[in-house]
Amino acid sequence: MKKVFQIAFFLLMAVSVHAQDKKAKALLDEVTAKVKSYDNISIDFKYSLNNAKENVNQDSKGSVVMKGNMYVLNFMGVTKIFDGKKTYTIIPEDEEITISKYSEKDDNTITPSRLLTFFNSGYKYAMDILQNVKGRKIQYIKLTPIASKDQRKEILLGIDSQTKHIYNLIEVGKNGTKTTLTVNSFKTNQPLSKNQFTFTESKYPNYYINKLD
């Protein structure tokens, strides 16, 4: 009889987890649909990196403008422009610009153009806690990378239950490093210059240009 109860318990647990996964998938689908409905997105964010073992505690702010897979990212004094084919990394401090072609095979990180939809492949997901943040209900979904070689243990994705916008993203590394990206401002369908994602070499006359390929 005890064994029967154990089997019944595990079956109930399996059904519960499956239901949570379906709920998580439905919410992620809503986020993806919302993102795809916008012509462009402008985000101001805060980025925090913490590792207690290494005594590392770093905070930075940045901004990004995205349209399709193109973006302009300003972060830690560096500007990155991706025009859909090439990435231009502009470093004013060194007066240097690096130009490289985009390769999807080499891109294992969450880039700005993938930030809002990266979770659609390569992860197991399940509903996590619901938090009240300054009057906003933030529903967290736990993402676990499927690839065993992935150096990330898990990712917690915080989603605003009302707007279906991403509020924050918390990455926990297998080495104990924790990085948090928090969205401070989320604007959509802003008027953009037609040259918003165009790199103009003439603007940087004294810069050294390093073409990787």
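Key figures
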read-out	value
The chain - percent of accessible surface contributed by carbon and sulfur, probe 1.4 Å	52
Formal net charge of residues neighbouring residue 150 (Cβ-Cβ distance under 13 Å; K, R +1; D, E -1)	+3
Separation in nanometres of the label points that stand 7 Å from Cα toward Cβ, at residue 52 and residue 98	3.3
Per residue solvent-accessible surface (Å²) - the chain, probe of 1.4 Å	64
Karplus-derived 3J(HN,Hα), 6.51/-1.76/1.60, for each residue of the range 148-162, Hz, glycine and proline x	5, 7, 4, 7, 9, 6, 6, 10, 9, 10, x, 10, 5, 4, 7
Rounded to 10°, Cα long-axis angle of helix 2-36 versus longest principal axis of the chain	30
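The values are calculated or read from the model by the stated rules, or taken from the named source; none is laboratory data. This is a predicted model, so every value here is computed, not measured. Cβ coordinates were reconstructed from backbone atoms using ideal geometry, including for glycine residues, and neighbour counts include every protein chain displayed. With ligands, DNA and RNA removed, areas are computed over all heavy atoms of the protein, side chains included. Shrake-Rupley method; radii C 1.70, N 1.55, O 1.52, S 1.80 Å.
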